[in-house]
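What follows draws every value from the coordinates through simple rules; no lab data is involved. Because the structure is a prediction, the values reported are computed rather than measured. Positions of Cβ are backbone-derived with ideal geometry, glycine not excepted, and every protein chain shown enters the neighbour counts.
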């Protein structure tokens, strides 16, 4: 079965989103296990620390406005076989940025893609789902339902 370019791009985006959002310590532990046997990566760019402007919208649909700046770290690496991996992670964490970029490059190698998916991407997605579920439960526990009775004054 051939994967269309748009599907491959969506899978890469999904993987990068999950890896960049994964807590640094959890990513480090999983990455170290993979890195032992993985082909090494050479730094092409960075890691570099910089800032990006975060934009917001009132209610998700209003006019955009500049909310403020956020620190990010980016890195680009290249495997000896030519695959290039990129990353941009929130915060000032050069090691995490290098790890995500290396995992991105490894995902482009046929024999490493299932390993990275199984050992890093899927656990990262599960962690994010668990965090969202926990937040939803905490929010639901503090929910207040307001109601009024018609007073018949009009």
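The simple Förster model, with R0 at 30 Å and r as the Cβ-Cβ distance, assigns residue 32 and residue 139 a FRET efficiency of 0.30.
With a simple spin-label model that places each label point 7 Å from the Cα along the Cα-to-Cβ direction, the separation between residue 146 and residue 118 comes to 5.3 nm.
Rounded to the nearest 500, the 222 nm mean residue ellipticity of the chain from helices alone is -14000 deg cm²/dmol, with -39,500 (n - 2.57) taken per DSSP H run of at least 4 residues. Shown is the FRET efficiency for residue 42 and residue 14, computed with R0 = 35 Å from the Cβ-Cβ distance and rounded to the nearest 0.05: 0.85.
Directionally averaged projected area (the stretch 61-154, Cα convex hull): 12.0 nm².
So what's the angle, to the nearest 10 degrees on a 0 to 90 scale, between helix 94-107 and the longest Cα principal axis of the chain? Helix 94-107 sits at roughly 70 degrees to that axis. Angle of helix 5-21 to the longest C-alpha principal axis of the chain, folded into 0 to 90 degrees and rounded to 10: 80°. Computed from Cα atoms, the angle from the helix 122-141 axis to the main principal axis of the chain rounds to 10 degrees.
Mean separation of Cα pairs under 8 Å and 6 or more residues apart, divided by the residue count, gives the chain a relative contact order of 22 percent. Put simply, when 26-36, 81-91, 59-69, 127-137 are sorted by average Cβ atoms within 10 angstrom per residue, most first, you get 81-91, 26-36, 127-137, 59-69. Extending 7 Å from Cα along the Cβ direction at residue 131 and again at residue 63 yields two label points whose distance is 3.3 nm.
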